[in-house]
Amino acid sequence: MVQELRGTPRGSFGGHIVDARAQAPVAGASLVVLDERGQAVTQAEADPRGAFAFHLPPGSYRYQVVTEDRAVTSPVAFQIRQGQLTSARIQLPAPATLAVSVLDETGRRAPAKLTLVGNFDPASVGKDPRTFLYSVQLGERKRPTAFDGGTRYIENAWWSADGSFRLTVKPGRYRAVVSRGPEYELTEVDVELTEGGLVQKQLRLTRAYSSPGWIGGDFHLHAQPSTDSDVSLETRVASCAAEGLEVAVATDHNTITDYRPVISRTGLEPWLLGIAGMELTPFEMGHFNGYPLRVDPGSTRGGEFVWAGQPPQALFDQLRGKLAAVPGETVVQVNHPRQSVLGYFSQFSVDAETGEPYAPTGLTGVFSPYGSEFSAQNFSYDFDAIEVITGKHQEHLHSYRAPNPLPPGPFPDPQPVPGEILRGADGRPQFPGVVESWFTLLDRGHRASAIGTSDTHGLLFDEPGYARTLLRVGPGRDELGRFSERDVTAAIFARRTVASNAPLVELELLASDGTTAQIGDTVRAARDAEVVVRVRAPSWAPVDRVILWSNSQKVGEQALSAAQGTSAEVRFRLACVRDCWVVAEVTGSASMFPVVPATEFEPLDTAVLFRALAAGIDLGSLPLAGKLRPDATDVLRPFAMTSPIWLDVDGGGFTPPRTPLPRGRRESAA
């Protein structure tokens, strides 16, 4: 149209794209036109008849065809002459077909995930996969590598609501990997897929561990009602069930979504409980989930609310008020609290060591949010849960420590100390961790539950359930149909939660006077106690370290042998001289590939954009622009952290170890 309006000389290029064997149209095939320098000029998709058409200025060009299930074609040269039609009938080699049926340990067809893992040429080890494994310029689908110095990569992954797969795939040799979340081991088989060929397999899942009394849920999920997600509701609920989740909370941006009708329609009711919710998404205030919420069928966004220019308490009050499914039973959850711009704690400059907002100075103050709604007195502690781990953002877990040894300087003052928390000129941590921030709130009497979520907006690279929240609902209530939406919220309000990306961690306190307690309990007990940490994990996510925290201090640490990586019981002695809380953390050093791919490239978030815009300007005193900062690229490693047990030593009711936060909010709720 632009060329026509400008009167630019042009010719036409059109034709059909068909399968070489069946001569059937290949609808949706992407034809990319390149100039003589190899730069992309334009692109079009074949219509249902396989047809395509372009108008181009006269000249020499090349085209390549990209599909989901075939190799990219080699470049083919063609000429465009003014006023003339250049035509082509493009024949593509046939894809392979792979049919897989998945059964669980009882012989039922079960929701499952299927991943095809291939190996690239060893000569390409160490190279950027975008230069040989897939082309961003041609619009190819990304293929994640294991990011471990080897040759493994993921060709593709699929999620099925009933364990039945019939897929067309690019021919090649692969390892087919079937998974169903952390409670199952991987079932693997080698397959050779040939052009036009069919391979059929029936595979059976094997339990990694049982979890009586526990259920797993993801309380931060996006689908098409969110403007930044293209995942259909049907695909989202199928992906949740396939990853072994039992609870899925819909949290689209400023839209109340309910998965329950889709779960019913797709036959997933025996596998998945849906809860209606929303992620309240102001411009810069932070992001907050609320659930369960009432769906208003007369509203285009499921309910009417005000999200712009509101202080946090006003947002929380709306979630608990007119939007609530049941008044008084809405969970208010702080999402990714330490993420730049999108994080509540980051935007209000909450000091990780005091738990209170402060006014940044210098360049940090210049770039901080402004407006009356961001004043310190508007910060509210009136939330019930906090995302301790969000998706693959392991770099946000703990406060960043300077590497040992340090890279070449210079560094702004104060000079970093190898292995110690990196601090700014004001003495505060430059990259405060979510865990340390949460610990400070616990020290000052706040009792937010530890939550793990995926914050998924997609599928591959962005899988649901990693991380997730494990909830203790009690023996006999851990199967679909035996627990309800109210049981889920009750477990969160009672802090019977574990934030995890795979391991199940149970924490038990055995006091010397015979008193026992589990996660979420507050007990009157003698100061001397034994703390028992029990860990279970699949062999693809083994743990190798258990840490015990009490009143923000590390009071115990135990390395685990390889034999203990999937099942371990560790005992610590605890001597509290005053009232204390206790939390267990478990970690592993192994990669969870291929169940969860690595983060190979730094996400294109506000931090990356800021550094790009600041190129050539001396902003080294700003944390995001400094030489020392957390690395967002890494493989995903096993992690889990429990909510606390609170120990009342003196019998006078639990007294926080530090001065309580301002009263009148939920921080002091027992």
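The values are calculated or read from the model by the stated rules, or taken from the named source; none is laboratory data. Quantities reported herein were computed from a predicted structural model and do not represent experimental measurements. FYI the Cβ positions are ideal-geometry reconstructions off the backbone, even for glycines, and counts take in every protein chain you see. Heavy atoms of the whole protein, side chains included, go into the accessibility calculation; ligands, DNA and RNA do not. Shrake-Rupley method; radii C 1.70, N 1.55, O 1.52, S 1.80 Å.
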Dipole magnitude of the chain about its Cα centre, charges +1 at Lys/Arg Cβ and -1 at Asp/Glu Cβ only, in debye to the nearest 20? 980 debye
Can you tell me the Rg and the Dmax, both Å, for the Cα atoms in segment 369-493? 19.3, 61
Keeping the other protein chains in place, figure out the carbon and sulfur percent of the accessible area of segment 223-279, with a 1.4 Å probe. 48 percent
Among the Cys residues of the chain, which have no other cysteine Cβ under 4.7 angstrom away? CYS240
If R₀ is 56 angstrom, what is the calculated FRET efficiency for the pair SER589 and SER232, using the beta carbon separation as r and rounding to 0.05? 0.95
Counting only DSSP beta bridges with both residues in the chain, tell me the antiparallel percent, nearest 5. 75 percent
Over the chain, what relative contact order in percent results from Cα pairs under 8 Å that are six or more residues apart? 11 percent
Structure shown: which of LYS142/LYS392; LYS127/LYS627; LYS170/LYS201 lie over 20 Å apart, alpha-carbon to alpha-carbon? LYS127/LYS627
Taking R0 as 22 Å and r as the Cβ-Cβ distance between ASP47 and LEU138, the FRET efficiency 1/(1 + (r/R0)^6), rounded to the nearest 0.05, comes to 0.65
Starting at 0 and stepping by 5 Å, how many percent of the alpha carbon pairs of segment 169-209 end up in each bin? 6, 22, 25, 19, 13, 10, 5, 1
The chain, Kirkwood Rh and Cα Rg, ratio Rg/Rh at 1.00
Structure-based [θ]222 nm, the chain - -39500 (n - 2.57) summed over DSSP H runs of at least 4, per residue, nearest 500: -2500 deg cm²/dmol
Under 8 Å for C-alpha pairs, at least 6 residues apart: give me the relative contact order for segment 114-250, rounded to a whole percent. 22 percent
Dividing the mean separation of Cα pairs under 8 Å (6+ apart) by the residue count of segment 1-109 yields a relative contact order in percent of 32 percent
Between GLU420 and GLN79, what is the label-point separation in nm under the 7 Å Cα-to-beta-carbon projection? 7.3 nm
Find how many whole Å separate the alpha carbon centroid of segment 150-222 from the alpha carbon centroid of segment 302-338. 37 Å
Length gain on complete extension for the stretch GLU188 to ASP35, per 0.36 nm per residue less the alpha carbon to alpha carbon distance? 50.7 nm
hull vol. (C-alpha, convex hull) per residue for segment 96-152, Å³ -> 131 Å³
1.4 Å probe accessible area per residue over the chain, in Å²: 41 Å²
Of the accessible area of segment 137-196, with the probe set at 1.4 angstrom, what percent is carbon plus sulfur? 41 percent
Using alpha carbon centroids, what distance separates segment 633-652 and segment 558-590, in Å? 10 Å
Checked against the positive end of the charge dipole of segment 146-236 (+1 on Cβ of Lys and Arg, -1 on Cβ of Asp and Glu, about the Cα centre), the farthest of GLY149, VAL231, LEU193 is LEU193
What are the aspartates and glutamates whose alpha-carbon lies under 14 Å from the alpha-carbon of LYS554, with same-chain residues fewer than 8 places away excluded? GLU436, ASP443, GLU585
In the chain, if the dipole is taken from +1 on Lys/Arg beta carbons and -1 on Asp/Glu beta carbons about the Cα centre, which of TYR344, LEU114, LEU397 is farthest to the positive end? LEU114
Using alpha-carbon positions, what is the distance between the centroids of segment 67-113 and segment 442-511, in Å? 40 Å
